[in-house]
Structures are given as structure tokens and as C-alpha cells.
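The values are calculated or read from the model by the stated rules, or taken from the named source; none is laboratory data. Since the structure is predicted, the reported quantities are computational estimates derived from the model, not experimental observations. Positions of Cβ are backbone-derived with ideal geometry, glycine not excepted, and every protein chain shown enters the neighbour counts. The protein model used for the area step is the full one, side chains on, heavy atoms only, and it has no ligands, DNA or RNA in it. Shrake-Rupley method; radii C 1.70, N 1.55, O 1.52, S 1.80 Å.
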Amino acid sequence: MITEFQEKVYRAISMIPEGRVTTYGAIASYIGTGGVRAVGRAVGKNPYAPEVPCHRVVYSDARVGNYSAQGGVREKIRLLESEKVKIEDGVVLDFEKIFFDYGSTDMVAE
DNA sequence: TGCATGACCAGAC
DNA sequence: CGTCTGGCCATGC
């Protein structure tokens, strides 16, 4: 059962380009509804599995956060690194540079 | 219908 | 600067 809320989260994450990351807070702010907890919960349930680049979603502190999919956080970091995202000790480097802000796009995906 | 919890976040101490 | 607390809202039991 996919709720409308989860669908919004799914689309928000899908529009994240390669080599970029965003935060749960940014997603929550973008879709306008729910708090970061709701977003985290929705993604955490991982209804879309690898269909969605959920590994590009990190903490606002630049920390990679958690990962429910196969491999866990360890795999999440590996995926990000394979997309040119530098990670050190569970923290995203150049976080401010590669941060994907939903308010700074042309909104073409929408 | 109500309580507890979660891939979080920000403020207080 | 590390740790704790409260709050956010959707979900599950």
C-alpha cells in the first residue's frame, strides 16, 4: 500500500541528480507536509527499494544517517562514493556544495 | 480511538 | 562542544 505521502517522498528523492545529496528536512519542507520524522519513516520502510536513490538522503549535519536497504549504512556510503561523493567517517564532505536544494531548481522534474 | 516509535532536527544545558 | 529533551507527523498494534 503506497500512500500519497510516500509518493511525494518518492518523487522528491527521484529528482536528486547524481553526485548530489539532500536532507530529510529539505524533503519535508519541499513536500510541505509532515515532519522530518514522517519522511524518515516513509523512506525507512523502503517501499521503493533500489528503485529510488534514497542513499542520496543524509542528515542536516552532513552525516550519512541510516540505511535500511541491503548493506546498511556501509553500502549507502559505498553508493555515494561511487557517485563522486566524498565521505569520511560517516560524514559527507563538501556537503554544502553538493547539497540539492529543492528551492534552487527549475522544477523541471515536476 | 489512543499510545508508542522512527533512515530526524534544532534548541537548551 | 557533547548530550539530553521536546517536537514534528505518519504508521502500526
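Quick notes
- Size of electric dipole in chain A: Cβ of Lys, Arg +1 and of Asp, Glu -1, about Cα centre, debye, nearest 20: 320 debye
- Over chain A, DSSP H runs of length four or greater, each weighted -39,500 (n - 2.57), average out per residue to a 222 nm ellipticity of -10500 deg cm²/dmol.
- Percent carbon-and-sulfur accessible area, chain A, ignoring ligands, DNA and RNA, probe 1.4 Å: 46 percent
- Looking at chain A, the accessible area is 60 square angstrom per residue; that uses a 1.4 Å probe and ignores ligands, DNA and RNA.
- Binned Cα-Cα distance frequencies in region A:38-89 - 10 Å width, integer %: 25, 60, 15
- By the rule of a C-alpha distance below 26 Å, with chain neighbours fewer than 8 residues away ignored, the lysines paired with A:K8 are A:K45, A:K76, A:K97.
- Per residue Cα convex hull volume in Å³ - calculated over chain A: 95 Å³
- The simple Förster model, with R0 at 25 Å and r as the Cβ-Cβ distance, assigns A:R78 and A:M1 a FRET efficiency of 0.20.
- For A:T23, the residues 5 or more places off, or on other chains, whose built amide H falls under 5 Å of its own are A:V58.
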